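A.B. asks: Here's a structure for you.
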Amino acid sequence: MLENILIERKIYASEEHKMMQNMIQEFISNEILDQIEEWEKKGMVSREIWKRAGELGLLCLDMPEKYGGAGLDFTYNSLLIEELAKKGINGPGFSLHSDIVAPYLLKYGTEAQKEKYLPQMAKGTMITAIGMTEPNCGSDLQAITTTAEDKGDYYLVNGQKTFITNGYMCDMVIVAVKTNPKTDNEGITLLILEAEMEGFTKGFPLKKIGMKSQDTAELFFDNIKVPKVNRLGDEKMGFKIMMQELARERLTVAINAVACAQGAIESTIVYTMERTAFKTPIAGFQNTQFKLAECASQMQIHQAFLDRCIELLVEHKLSSESASIIKYSATDMCCNVVDECLQLFGGYGYMWDYPISRMYTDNRVARIYAGTNEIMKLLIARTLFKDVLK
């Protein structure tokens, strides 16, 4: 089986990691798997699963204990991402909440903001999102048109965001806006908006080809009065903040991709040993063996570099370039591996009842979000030629 060729992963070598892994696996088996079909029908998960994750201490694992977190390091966050991805579970938007929104608040928030939001986030009683993408603005974040006009002690916010993970369920969202839009300098600023604010409305969950239980929605802002105490970081520093935090976001996408590939390979090995053709298990065919050998090799190669990137993040040394490399390469690899595995399932691989079909549709978007893979290559190329391309 696959474990026979996997290199021992030092980042998960402690007894604490093994205990956490067992708890996560029990949580998935006992409280998630049976709910996926219902979540897919609704287009979102339940609030109860968020609260349950909070009760188990699975949210904001690397947040300091003073704010309600577990005070662990990022390897525990990555372990949760991996265990969910191995089972093809993309509904609960835990990672965006814990690995993107929480770090924004921890690094750039005021003490009052941290005390107000972080404990609720750790408990799962507050669901969060981040609003960057707009209908006419994806990878080019400098082109956003959502505005926040300075009105003295508050900003007047107008505009909309789209493709927002946790958007329909969110209680709070960090939104990128253009402040002082009537001035020459329209710098990007980050504001904390709460769903109950007057003028804040949500579109229904968007219908997608995959990630059907993941709530993804449009957000609309109509003359929302946002107090200046809700500004995150300094005015017009939003773009710099977002660029600094994108490395972690891209790493989480890569973690999900490599783990999904592993889960796909493992389930395919089991299936090909049980399924027969011409009175022979299809695992006995050379083509099956070669295809799975290729898939396992690519997954293992990526896992080695991924583990190094995780170590660098824990050490606060992960570069934007390394994050771009692992994000684009791992997501490409995952899509290729899942496609090869689905082929080995034959017609059953096309049936929604089989997890491999969910993996196929769910993970296609990984090459698009957190910066398209084309943008990742551009960022890498700029570094390669930084002394030539000015």
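Quick note: the coordinates plus some simple rules give every number you see, no bench work behind them. Because the structure is predicted, anything quoted here is derived from the model rather than measured. So basically every Cβ, Gly included, is an ideal-geometry build from the backbone, and we count neighbours across all protein chains shown.
A.B. asks: If each of Tyr350 and Asn22 carries a label point 7 Å out from its Cα toward its Cβ, how far apart are those two points in nm?
C.D. replies: In this crude spin-label approximation the distance works out to 4.4 nm.
A.B. asks: For Trp39, Trp352, Trp50, which order do you get if you count the other beta carbons within 10 Å of each Cβ and list the fewest first?
C.D. replies: Values: Trp39 20, Trp352 11, Trp50 24.
Least crowded to most crowded, the residues run Trp352, Trp39, Trp50.
A.B. asks: Size of the dipole of the stretch 2-126 about the Cα centre, Lys and Arg at +1 and Asp and Glu at -1 on the beta carbon, nothing else charged, in debye to 20?
C.D. replies: On the way: 15 positive and 20 negative charges, 86 e Å.
For this selection, approximately 420 debye.
A.B. asks: Connecting C-alpha atoms closer than 10 Å in a GNM of the chain, tell me which of Ile192, Ile100, Ile282 has the biggest fluctuation.
C.D. replies: For the chain, modelled as a Gaussian network with Cα springs under 10 Å, the answer is Ile282.
A.B. asks: Here's another thing I want to ask about it. Quick check on the exposure proxy: order Arg231, Arg308, Arg367 from fewest to most C-beta atoms within 10 angstrom. Can you show the working numbers first?
C.D. replies: Working: Arg231 23, Arg308 14, Arg367 19.
Final ranking by Cβ density, sparse to dense: Arg308, Arg367, Arg231.
A.B. asks: Can you compute the modelled spin-label distance between Glu321 and Met1, with each label point 7 Å from Cα toward Cβ, in nm?
C.D. replies: 4.1
A.B. asks: Along the charge dipole of the stretch 2-126, which of Ala102, Met23, Ala53 sits closest to the positive end, that is, farthest toward it, with unit charges on the beta carbon of Lys, Arg, Asp and Glu (+1, +1, -1, -1)?
C.D. replies: Result: Ala102, furthest along the dipole toward the positive end.
A.B. asks: Next question. Which is farthest toward the positive dipole end of the stretch 120-216 among Leu206, Gly187, Thr147, measuring Cα position about the Cα centre, with Cβ charges +1 (Lys, Arg) and -1 (Asp, Glu)?
C.D. replies: Result: Leu206, furthest along the dipole toward the positive end.
A.B. asks: Report the relative contact order of the chain, percent, no decimals, based on alpha-carbon pairs under 8 angstrom and at least 6 residues apart.
C.D. replies: On the way: 675 pairs, mean separation 62.7, N = 390.
Once normalised by length, the contact order is 16 percent.
A.B. asks: Where the centroid of each part is defined by its Cα atoms, how far is the stretch 299-338 from the stretch 73-127 in Å?
C.D. replies: After rounding, the separation between the Cα centres reads 20 Å.
A.B. asks: I've got another one for you. Can you give me the long-range amide H partners of Met237? Hydrogens built in the peptide plane at 1.01 Å from N, cutoff under 5 Å, separation of 5 or more residues or another chain.
C.D. replies: Hits under the 5 Å cutoff: Leu190.
A.B. asks: Follow-up question, since we're still on this one. Tell me what the chain gives for mean residue ellipticity at 222 nm when only DSSP H runs of n ≥ 4 count, each as -39,500 (n - 2.57), the sum divided by the residue total, rounded to 500 deg cm²/dmol.
C.D. replies: On the way: 11 runs with 178 residues, N = 390.
Per the formula, -15000 deg cm²/dmol.
A.B. asks: Same structure again: Under a point-charge model restricted to the Cβ atoms of Lys and Arg (+1) and Asp and Glu (-1), what is the dipole moment magnitude of the chain relative to its Cα centre, in debye to the nearest 20?
C.D. replies: Working: 43 positive and 52 negative charges, 133 e Å.
Using only the charged Cβ atoms, the result is roughly 640 debye.
A.B. asks: I would also like to ask the following. Would you look at the GNM of the chain, springs on alpha carbons closer than 10 Å, and say which of Val314, Val101, Val253 moves the most?
C.D. replies: Among Val314, Val101, Val253, the largest GNM mean-square fluctuation belongs to Val314.
A.B. asks: Right, next: Quote to one decimal, in nm, the extra length available between Glu294 and Glu111 on full extension: 0.36 nm per residue of separation minus the C-alpha distance between them. Present the calculation step by step, with values, prior to reporting the outcome.
C.D. replies: Numbers: separation 183, 0.36 × 183 = 65.88 nm, distance 5.03 nm.
Full extension of this stretch gives 60.8 nm more.
A.B. asks: Something else: Nothing charged except the Cβ atoms of Lys and Arg (+1) and of Asp and Glu (-1): what's the magnitude of the dipole of the stretch 240-384 about its Cα centre? Round to the nearest 20 debye. Spell out each step's value before the answer.
C.D. replies: Numbers: 14 positive and 15 negative charges, 50 e Å.
That gives a dipole near 240 debye.
A.B. asks: Within 10 Å of each residue's Cβ, count the other Cβ atoms and sort Phe74, Phe220, Phe204 from fewest upward. Walk me through the numbers before you get to the answer.
C.D. replies: On the way: Phe74 23, Phe220 16, Phe204 10.
Listing Phe74, Phe220, Phe204 from fewest to most nearby Cβ atoms yields Phe204, Phe220, Phe74.
A.B. asks: Further question on the same structure: Starting from 0.36 nm per residue, how many nanometres of slack lie between Asn336 and Arg275 once their C-alpha separation is accounted for? Provide the component values of the computation, followed by the final result.
C.D. replies: Numbers: separation 61, 0.36 × 61 = 21.96 nm, distance 2.22 nm.
Extra length available between Asn336 and Arg275 comes to 19.7 nm.
A.B. asks: Let me ask another. Of the residues Lys51, Lys279, Lys107, which exhibits the maximal mean-square fluctuation in a Gaussian network model of the chain defined by a 10 Å Cα contact cut-off?
C.D. replies: With Cα springs under 10 Å in the chain, the top fluctuation among Lys51, Lys279, Lys107 is at Lys279.
A.B. asks: Would you work out if the stretch 75-172 is rounded, prolate or oblate? Take a ≥ b ≥ c from the square roots of the eigenvalues of the alpha-carbon gyration tensor; rounded if a/c is under 1.5, else prolate when a/b is larger than b/c, oblate otherwise. Write down the numbers at each step before the final one.
C.D. replies: Numbers: a/c = 2.28, a/b = 1.38, b/c = 1.66.
Oblate, because a/c is 1.5 or more while a/b does not exceed b/c.
A.B. asks: I want to check the label-to-label distance for Ala143 and Lys41. Put each point 7 Å from Cα in the C-beta direction and report it in nm to one decimal.
C.D. replies: Distance between the two pseudo-spin positions: 4.1 nm.
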